[in-house]
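Accompanying notes for the structure given below.
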Amino acid sequence: MPQTVATVVDGVRDGTGSAVSDVDAGRTGTAPSQGSAFAPLLRAVKGQGLLERRTGWYAAGIAANLVALGAVLTGMFLLGNTWWTLLLALPLAIFWSRTAFVGHDAGHAQISGDREASRAIGLVHANLLLGMNEAWWNDKHVRHHANPNHIDKDPDVGVGALVWTQKQAAQREGFARWLTRNQAWLFFPMLLLEGIALKISGFQYLRRQPARERALSALLLVAHLCLYATLLLTVMSPGKAVVFALVHHALFGLHLGMAFAPNHKGMEMPDPDGDRWGHLQRQVLTSRNVRGGILTDWFLGGLNYQIEHHLFPSMPRPHLRLAQSMVRAHCETIGMPYTETGLIESYRQALQHMHEVGEPLR
């Protein structure tokens, strides 16, 4: 892992969310009130044992997911070369998303405190099972966690197929300008391409990895493609295999997008030229929670507790719900807004933001 990324990862894992702690921020005069406001919450959460890892819980979840994946693959072999097999693209996409959530949690050291063990889990779940480069994901994701919704520092709000500010929109030309005008309508359809885009981005990132790390990542990515193609071509004719792969990756990308879309889109975006925000302000004001029960927790992989996850990235997934009441009460005490909506409302707010960004071009 590149040294700069490793530094940020260490900051994220120890609960500060960045390479510079809020205590240091307070000493340098950057949002000291917010830095000091986070300290009592961190002590309370640690006091309740909510930062202690739940290895057994994860082991059971990983085993259950592998059994589910095995059951879907068995079903594909039993159905064989028929269009009915296409129905199994949906459960396979769902359990692939469960696999991605495990890789996400491993990258945050939620499963194990050992860096090598966490990377091994990530390599198996991301590179081998999904064909998605865990090094690329972690590089991108830790930068997002360190500065969520910061237009200059968060890669998730950089200019791409979509844009997130009217300043970005004003610079669009040609087809990209049309895309921005209609991005709210096109958002969910574009997610159908995300499953394939994740694979492409992972291969492109290989050239940025150190040679030894690149060799292992590439080996696992190629092994995934070979195993996936072998599976489909063993079960189905080439034509059906291509259709299955396209539908499967479309549903996978849609599911992941539906899990990540509610988290930050339409929330506060720090002013790059303004005062630096402390950890509590930086994470709470830019994040949105989604209300729901066990089904919502399962479908969104615990990311519906986005505020708690951003405040405590290494907190195991089953503890996020337990920490929510403490975090909400703390925010109320210090007068900080705490945003939580229903799932449909979260999508509405995210799409509304994208629509407003494109408004000057219409």
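Looking only at the range 168-179, filter to residues that are of a type in the set (D, E, K, R) and in contact (Cβ under 8 Å) with a residue 12 or more places away in the chain; which one of those is surrounded by the fewest Cβ atoms within 10 Å (Cβ to Cβ)?
Of everything passing the filter in the range 168-179, 177 is surrounded by the fewest Cβ atoms within 10 Å (Cβ to Cβ).
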Task: For residue 298: the one exception among (1) farther than 26 Å from residue 98 by Cβ; (2) assigned to a helix (DSSP H, G or I) - done: (1)
Open item on the list: Within the range 312-362, take every residue that is more than 30 Å from residue 185 (Cα to Cα) and assigned to a loop (DSSP other than H, G, I, E, B) and give me the one that is most open to solvent (accessible area, probe 1.4 Å).
Closed with: 335
Task: Single condition residue 152 does not satisfy, out of (1) assigned to a loop (DSSP other than H, G, I, E, B); (2) under 17 Å from residue 362 (Cβ atoms) - done: (2)
Task: Residue pairs meeting the criteria (Cβ under 8 Å; at least 6 apart or on separate chains; first modelled with pLDDT of 95 or more and crowded, with 24+ Cβ neighbours inside 10 Å, in the range 126-148; second outside any helix (DSSP H, G or I) and among the β-branched types (Val, Ile, Thr)) - done: 148/286
Open item on the list: Need pairs with beta-carbon distance below 7 Å; first residue farther than 14 Å from residue 309 by Cα and open to solvent by less than 10 Å² (accessible area, probe 1.4 Å) and within the range 274-296, second small (Gly, Ala, Ser) and assigned to a loop (DSSP other than H, G, I, E, B); sequence gap 6+ or separate chains.
Closed with: 278/31
- [ ] Could you tell me which of the residues 86, 69, 90, 78 is under 27 Å from residue 136 (Cα atoms) and open to solvent by 30 Å² or more (accessible area, probe 1.4 Å)?
- [x] 90
Task: Among the residues listed as 50, 78, the single one being of a type outside the set (Phe, Trp, Tyr) and assigned to a helix (DSSP H, G or I) - done: 78
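The values are calculated or read from the model by the stated rules, or taken from the named source; none is laboratory data. In this text, all values refer to a predicted model and were calculated from it rather than measured experimentally. Because the Cβ atoms are built from the backbone with ideal geometry, glycine has one as well, and the counts that use them run over all protein chains shown. Ligands, DNA and RNA are excluded from the accessible area calculation, which covers all protein heavy atoms including side chains. Shrake-Rupley method; radii C 1.70, N 1.55, O 1.52, S 1.80 Å.
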